[in-house]
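What follows is a single structure, written as structure tokens, with notes after it.
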Amino acid sequence: MKYRSIKGTRDILPGETARWQHVESVIRRVMADFSYREIRTPIFEQTSLFARSIGELTDIVSKEMYTFLDRSEESITLRPEGTATTVRAYIQNNLGEAAPLTKVYYLGPMFRQERPQAGRLRQFHQFGAEALGSSSPTLDVEAIMLPLQVYKQLGVSETSLKLNSVGCEKCRPRYKKLLQEELLKIQSKLSPESQARLEQNPLRVLDSKDERDQKLTASIPLMKDHLCDECRDHFASVQTLLNHLNIPHIVDGRLVRGLDYYTKTAFEITTSHLGSQDALAGGGRYDLLVEELGGKSTPGVGFAAGIERVLITLEKLGKDKFQEAGPVVFFVGMDDKSREWAFLKSCELRMRGISAELDYLNRSVKAQMREANRLHAKFVVVIGEEELKSRSAKLKNMATGEESPISFDRLDSVL
Ligand code: AMP
């Protein structure tokens, strides 16, 4: 085989697309229920958009982006996530002027050069939503509810929600200093990665996957205990609203997430059905991002969720079997003339919006019947010399096996 797909990318084959379409239709329905409207942005952008918003020191920007120079020497990056592009589009198209609160969602491929493994791809798909223009904690709760509602409607019930507050520009610098002071005391014992982060982005040390780092920082002060009044109130309101809605959550003071733009709320949804890559969705508030990217100061909150991850979960639960709708009628032709008639009749029906299919490979009648079965055709009509002469045939209902005579003139009206 000369060509193979790039490592970490997958073909989504015809046998799988019914599952994808089902998940996508649930997503669209839930988004509509919450009045989020779809936005479609380009899959590549200027590199600096992502570097600036996601943060230079994050894994995504420092080692995972697909970045290249195009023919005019401009640095381009395939989008690794959807928030930065959505915010760029929001600013560029003055969406804030058209509506003081903009609620949008997206669905599409994202690109990160990670080490491929089960549930981790280099081209993967996310759905996500952003609410721009309000600092109300109700919208933080919506960002949490949206993916949860999608999972519920898909039949994924065992999810767990972790919640944290990462503070704001008022309280975070103070805490950052305190954290740095504490980390400096154990600096030499930390992993090289954490040592590098200590200087500019000490919060990320809390998120370290290194077991030694985790032990060393077990009793380190956490942001959630050093919030300013505004952040504390906001965090409390989010939790109160979640309680009113009976949405269980765990406060995890170490949750930082892999993107630097978050302020106040940060959250992650995991499921026990996945292995080590157990994160289904994550999100949070980003009140400084719009201004950071050149827009007017505008608060925002949102989430992003992996589509492959939810599909793997559905597969584990045995809830991924979907019967694709087959053609209404399959014409079995016994000779060349009948096949030609079947083709012309199929086209006529298709043009009227009735799905019809036939054999194109000169197969035997038996093989054509097998094909009709495989395609889950609702009816089969066998055509031969006799049928063409009498302009009538037998209509076979594939579900019941029942056969009834039908004249060609009446065929359209019973399909
Ligand atoms: P993030 O944008 O990193 O917050 O990720 C949000 C969600 O996207 C995660 O919870 C995963 O479900 C999914 N995701 C992130 N990276 C990958 C990847 N490389 N492959 C598959 N899914 C991913």
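Between helix 365-374 and the chain, what is the angle of the helix's C-alpha long axis to the longest principal axis, kept within 0 to 90° and rounded to the nearest 10? Rounded to the nearest ten degrees, it is 30. From the Cα gyration tensor of segment 1-90, with a ≥ b ≥ c the square roots of its eigenvalues, which class applies: rounded if a/c is under 1.5, or else prolate if a/b is larger than b/c, or else oblate? Since a/c reaches 1.5 but b/c is at least a/b, the shape of segment 1-90 is classed as oblate. Percent of Cα pairs in segment 288-347 per distance bin of 10 Å, from zero to the largest separation: 16, 17, 13, 17, 19, 10, 9, 1. State the cysteines of the chain left without a partner when partners are defined as other cysteines whose beta carbon lies under 4.7 Å away. Cys with no partner Cβ under 4.7 Å: Cys168, Cys231, Cys347.
Cα-based radius of gyration for the chain, normalised by 2.2 N^0.38 Å, reads 1.28.
Taking label positions 7 Å along the Cα-Cβ direction at both Gln113 and Arg363, the computed distance is 4.5 nm, reported to one decimal.
This ranking places Cys347, Cys168, Cys231 by how few other beta-carbon atoms lie within 10 Å of each, fewest first, which gives Cys347, Cys168, Cys231.
Between Lys389, Lys170, Lys215, find the one with the highest GNM mean-square fluctuation for the chain; connect C-alpha pairs within less than 10 Å. Maximum among the listed residues: Lys389. As a proxy for reagent exposure, ranking Trp20, Trp341 by other Cβ atoms within 10 Å from fewest up yields Trp20, Trp341. Pairs from the list Lys2/Lys63; Lys162/Lys321; Lys7/Lys316; Lys224/Lys319; Lys63/Lys316; Lys209/Lys264 with a Cα-Cα gap above 27 Å: Lys2/Lys63; Lys162/Lys321; Lys224/Lys319; Lys63/Lys316. Restricting segment 317-383 to trypsin sites (Lys or Arg not before Pro) that sit in a DSSP loop and have at most 16 other Cβ atoms within 10 Å of their own Cβ leaves Lys319, Lys321, Arg352, Arg363. Restricting the calculation to Cα atoms, every distinct pair contributes to the Kirkwood radius of segment 330-393, found to be 11.7 Å. Using the average count of surrounding beta-carbon atoms within 10 Å as a protection proxy, the listed peptides 244-253, 183-192 rank, highest first, as 183-192, 244-253. Around the Cα centre of segment 129-275, unit charges on the Cβ atoms of Lys, Arg, Asp and Glu (plus for the first two, minus for the last two) sum to a dipole of about 360 debye. Using the Karplus relation 6.51 cos²θ - 1.76 cosθ + 1.60 with θ = phi - 60°, the per-residue 3J(HN,Hα) values for segment 2-18 come to 6, 10, 10, 5, 5, 3, x, 10, 9, 7, 9, 7, x, x, 9, 5, 4 Hz, with x marking Gly and Pro. Straight-line cross-link partners of Lys337 among the lysines, defined as a Cα under 17 Å from its Cα and at least 8 positions apart when in the same chain: Lys345, Lys389. Put in line by how crowded their Cβ is, counting other Cβ atoms within 10 Å and starting with the fewest, Thr400, Thr159 read Thr400, Thr159. Distance between the modelled labels on Ile186 and Ile354, one decimal in nanometres: 7.4 nm (7 Å Cα→Cβ projection).
Along the chain, counting only GluC sites (Glu not before Pro) with a DSSP assignment other than H, G, I, E or B and at most 13 other Cβ atoms inside a 10 Å radius, the longest segment between sites is 170-323. Once a ≥ b ≥ c are taken as the square roots of the eigenvalues of the Cα gyration tensor of segment 163-287, is the result rounded (a/c under 1.5), prolate (a/b larger than b/c) or oblate (a/b not larger than b/c)? Because a/c hits 1.5 or more and a/b fails to exceed b/c, segment 163-287 counts as oblate. Is the shape of segment 96-193 rounded, prolate or oblate, going by the alpha carbon gyration tensor and its root eigenvalues a ≥ b ≥ c, with a/c under 1.5 for rounded and a/b larger than b/c for prolate? Judged from the Cα gyration tensor, segment 96-193 comes out oblate (a/c at least 1.5, b/c at or above a/b). Could you work out how far helix 336-351 tilts from the main Cα principal axis of the chain, as a 0 to 90 degree angle to the nearest 10? Roughly 50 degrees, rounded to the nearest 10. Counting only DSSP H runs of at least 4 residues, each contributing -39500 (n - 2.57), and dividing by the residue count of the chain, the helix-based mean residue ellipticity at 222 nm comes to -11500 deg cm²/dmol.
Since every read-out is calculated from the coordinates, none of them should be taken as a lab result. Keep in mind the model is a prediction, meaning the values are calculated, not measured. FYI the Cβ positions are ideal-geometry reconstructions off the backbone, even for glycines, and counts take in every protein chain you see.
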